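As structure tokens, the structure follows; a few thoughts come after it.
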Amino acid sequence: MMQKTISLITTGFMLLSTAFGVLAEATSVGNQMPDPAQYTGLSRKVLQYSESFNQIVKKIKEPGFSNADWAPLEDLVDTENFERMGVFLTPQAEIIGWAQYKKYVSEYAGATSWEGTLRRITEKPGLVILELEERNSRDGVTNFSNTVTIYEFNGEGKLKHLDVYVMPLPR
């Protein structure tokens, strides 16, 4: 009986330690997106998209950035039919296609750094809902936002539509 009690207490302590460690880690600033390989299906593609987006944001500031650097992201996207709906460079929501999206990302990434922390990812057939805390830094100021992005995929598993919802957080 005593050994079972000690085992339960030890297990409980380990679970609490793990939970508090994750909580402490999640509250520190830094890119905290999970490895896409830990996921399957469309959820994996969404996390690969986030990873590729982050790489573009980093690379675009470096000499030698070219259109070829978009290839990993474009491999995931139906670029002919892509549509993004939501706010981006202005506070007004808008609908843009792939060419305009690339232009916006290029403008954004040249002066900004991006980090995200996964809050929740939910997958349904043809659809993934990604909830993040995002941090965008520009000119020494970091803005925090909770975001919900709905990723819609075509029959071939390529991203065709994004709905982006942003809630700026006070800091």
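FYI, it's all coordinate maths here, none of it is from the lab. From a predicted model like this one, the values you see are computed outputs, not experimental measurements. Glycine also receives a Cβ, built like all others from the backbone with ideal geometry; neighbour counts cover every protein chain displayed.
Brief remarks follow.
- Neighbour-count ranking [beta-carbon atoms within 10 angstrom, fewest first] of PHE144, PHE153: PHE144, PHE153
- Within straight-line reach of LYS59, meaning a Cα separation under 16 Å, sit the following lysines at least 8 residues removed in sequence or on another chain: LYS102, LYS103.
- As a rough footprinting exposure proxy, the listed residues ASP78, ASP139, ASP69 were ranked by other beta carbons within 10 Å of their own, and the order from fewest upward is ASP139, ASP69, ASP78.
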